[in-house]
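Sharing a structure below in structure tokens format, with a few things to ask.
The values are calculated or read from the model by the stated rules, or taken from the named source; none is laboratory data. Only a predicted model underlies this, so the values are computations on that prediction, with no experimental measurement involved. Here the Cβ positions follow ideal geometry from the backbone for every residue, glycine too, while neighbour counts run over all protein chains shown.
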Amino acid sequence: MRFLLTNDDGIHAPGLAALQEAVAGFGEVHVVAPDEHLSGCSHQVNTDRPLKVTQLAEQRHAVDGTPADCTRLGLTRLSADVDWVIAGVNDGGNLGVDVHMSGTVAAVREAALMGKPGIAFSQFQRRRQPFGWSTVGPLVKCLMDELLPLPLEPGGFWNVNFPDPSERDPEPEIVFCTLERGHLPVDYELIDGQYHYRGSYQERPHNGSSDVSVCFSGKIAVTQILPPVTVH
């Protein structure tokens with residue numbers, strides 16, 4: 001089995017290294033990732049300028065473009081006969097409406113649009129602090145074992161969020177759940193004529209069965225994201 005790996009934290013991110021190590025046990029791995037940190041870039045793509053690709057090692061390329069650009073280049077030019085596109089592991093949660101803003105999720109969404117199944121992995125943290133990324137690898141392997149055999153709706157993909165490292169059990173429960181539809185808290189503080197975002201991610205509304213509730217409760221949240229409904 002062949003895997004294309006990418007992310008939005010950049011090719012040197014520890015989450016991508018943990019992902020590569022975990023996925024390598026399932027087959028051939030090819031990494032095509034942005035050459036810089038691009039978190040929150042959503043599904044942006046570049047079509048009006050050339051994209052520079054730097055080969056860092058065999059089957060490892062850095063692109064001066066977005067995660068969706070990386071997926072496009074990987075599937076059309078840099079990696080032949082890919083079976084799955086895997087993105088992450090993102091440094092931060094991609095829960096609920098985050099999927100619309102996340103470059104990590106957008107990379108897998110682009111793969112789904114191009115006819116390839118995919119999984120987006122993200123690591124939620126309540127407070128930004130260093131932790132052992134090596135602990136994420138076994139979780140990725142467990143989810144790969146769980147998800148690779150499962151059927152996906154045409155055009156769909158998996159979105160996986162690991163709970164805060166300080167709150168999860170050694171073997172946290174895997175919960176298949178729905179995507180939270182509640183809006184993120186939005187607030188700004190005016191300082192010296194400039195508006196500073198002050199919304200609290202931890203205080204976002206959520207219902208008891210959504211991916212936000214599951215992840216915030218210390219469990220692994222797994223959601224199948226389906227393609228947009230066609231409106232006639």
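Counting only residues that are modelled with pLDDT of 95 or more, surrounded by fewer than 16 Cβ atoms within 10 Å (Cβ to Cβ) and not hydroxyl-bearing (S, T, Y), give me the strands (runs of 3 or more DSSP E) lying completely in the stretch 114-203 with at least 1 of them.
174-176, 188-191, 194-197
Within the stretch 23-34, restricting attention to residues that are surrounded by fewer than 23 Cβ atoms within 10 Å (Cβ to Cβ) and touching a residue at least 60 places away in the same chain (Cβ under 8 Å), which residue is nearest to R72 (Cα to Cα)?
Within the stretch 23-34, the match that is nearest to R72 (Cα to Cα) is F26.
Let me ask something else about it. How many of the residues making up the stretch 205-232 are over 20 Å from A106 (Cβ atoms) and either not aromatic (F, W, Y) or not in a helix (DSSP H, G or I) (or both)?
Qualifying residue count, the stretch 205-232: 15.
Tell me which residues, restricted to the stretch 92-113, are on the phi < 0 side of the Ramachandran plot, crowded, with 17+ Cβ neighbours inside 10 Å and not in a loop (DSSP other than H, G, I, E, B).
Once the filter is applied, which keeps residues that are on the phi < 0 side of the Ramachandran plot, crowded, with 17+ Cβ neighbours inside 10 Å and not in a loop (DSSP other than H, G, I, E, B), the stretch 92-113 yields D98, V99, G103, T104, V105, A106, A107, V108, R109, E110, A111, A112.
Next question. Given the options L139, L147, name the one that is in contact (Cβ under 8 Å) with a residue 60 or more places away in the chain and out of contact with any Pro (no Cβ under 8 Å at 6 or more places or on another chain).
L147 is the lone residue from the list that is in contact (Cβ under 8 Å) with a residue 60 or more places away in the chain and out of contact with any Pro (no Cβ under 8 Å at 6 or more places or on another chain).
Ok, one more. Here's a check for you: in the stretch 178-212, which residue that is farther than 16 Å from G92 by Cβ and touching a residue at least 40 places away in the same chain (Cβ under 8 Å) is nearest to the chain's Cα centre (by Cα)?
Filtering first and then ranking leaves L179.
Taking the stretch 35-82 on its own, how many of its residues are over 23 Å from N94 (Cα atoms), among the small types (G, A, S) and surrounded by fewer than 16 Cβ atoms within 10 Å (Cβ to Cβ)?
Matching residues across the stretch 35-82 total 2.
Could I ask something else about it? Of the residues that sit in the stretch 24-77 and are in contact with a strand residue (DSSP E or B) (Cβ under 8 Å, 6 or more places away or on another chain) and among the basic types (K, R), which one is nearest to L148 (Cα to Cα)?
Checking each candidate, the answer is R60.
Further, regarding this structure: Please go through (1) exposed (fewer than 15 other Cβ atoms within 10 Å of the Cβ); (2) in a strand (DSSP E or B) for F3 and return the number of the only condition it doesn't satisfy.
Single failed check for F3: (1).
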